[in-house]
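Shown next, in structure tokens, is the structure this report addresses.
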Amino acid sequence: MVVGAGFAGVWAAAAAVRTAAELGREEDVTVTVVASGEDMVIRPRLYEDDPSRMRVALDRVLGPIGVRRVRAEITGVDVDAHRVTGRDHDGNPVELAYDKLVLATGSTLVSPQLPGAEHLFDVDTIEAADALHQHIAQLSRDPQRPGAFTAVVVGGGFTGLEVATELPSRLRAVAGEHLVRVVMLDRADVVGRALGDGPRPEIEAALEAEGVEVRLDTGMESLTEDSARLTDGTVIEAATVIWTAGMRAQVLTEQIPGERDDLGRLVVDEQLQSPVSSPQAGTARSSCAGGGQAAEAPDQRGLDLPAGR
């Protein structure tokens, strides 16, 4: 059984089907994916324009290879009883037994406790990304609004860099002759610190080419509908503030015994199993940390995905 239907969950299910076939045990093995939605969301691309298209129907991918799909929100994992529990789409209780479990529920954005946080946008879910898309599309209705075409991106990790370098073109598409400004904040002392020194020149060049202002050793203190106050006291008039700073492993991970890192991810062995928990419980890389490894980027080969740019 695989809980979660992102890239990790779908590929885990496909790999299980392939392995069963290679061993000649197709008739003995049933692979089930449990997820709350009907689609696999292409989360790494939700920063792009029109994110509502960033989805692939799960039945289109899993059906042809014989994977069973259950639509349910899983809220409990009992590794001793080999059982998961939750609610189906209609709110009815669900209890499912498993022989082997892959927990592939990924991570969630850590929301800040800041004055005015209700004005923040993010791209953590397809719904949130679409709300940002709709917001940007409507900016041209009031071009005289303070900071109408200014955006502040909080966080300089993978997502922050992607959002910051994509926003200039998205804003220019609605700004007409008005000035576009994008500011990226990062509490680190260098750009892309978590990515290492190697790619930094390319990252800095990309930011410069897009005209993104970078403010290091700086965070967000508070915000209003039309402005952002930074930790250095600067106030920037901005109609769009996007939060990308920080993630945490999804809460289900807490129900599997084992050591965790600072992000709540389980520390696992080379087989992606938590040594402390049942050997029947494994995790996908998005929910675990092993040997100092962070989550890996998904391999998109073989899937019919929306065209990139």
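Observations on the structure shown:
- Boolean, Ala8 is more than 16 Å from the chain's Cα centre (by Cα) and either part of a strand (DSSP E or B) or surrounded by 14 or more Cβ atoms within 10 Å (Cβ to Cβ) (or both): no
- Residue ranges of strands (runs of 3 or more DSSP E) in region 23-124 with at least 2 members open to solvent by less than 30 Å² (accessible area, probe 1.4 Å) and touching a strand residue (DSSP E or B) at 6+ places or on another chain (Cβ under 7 Å): 32-35, 68-78, 83-88, 93-97, 101-103
- The listed residue being more than 23 Å from the chain's Cα centre (by Cα), free of Cβ contacts under 8 Å to residues at least 12 places away in the same chain and surrounded by fewer than 16 Cβ atoms within 10 Å (Cβ to Cβ), out of Asp232, Asp217, Asp197: Asp197
- Some residue of region 171-192 being open to solvent by 30 Å² or more (accessible area, probe 1.4 Å), out of contact with any Cys (no Cβ under 7 Å at 6 or more places or on another chain), in contact (Cβ under 8 Å) with a residue 60 or more places away in the chain and among the charged types (D, E, K, R): no
- Strands (runs of 3 or more DSSP E) lying entirely in region 156-258 (those with 2 or more residues that are under 24 Å from Glu118 (Cβ atoms)): 181-186, 220-223, 227-230, 235-237, 240-243, 247-249
The values are calculated or read from the model by the stated rules, or taken from the named source; none is laboratory data. Computed from a predicted structure; not experimentally measured. Backbone-built Cβ (ideal geometry, glycine too); neighbour counts: all protein chains shown. Note: areas computed on protein heavy atoms with side chains; ligands, DNA, RNA excluded. Shrake-Rupley method; radii C 1.70, N 1.55, O 1.52, S 1.80 Å.
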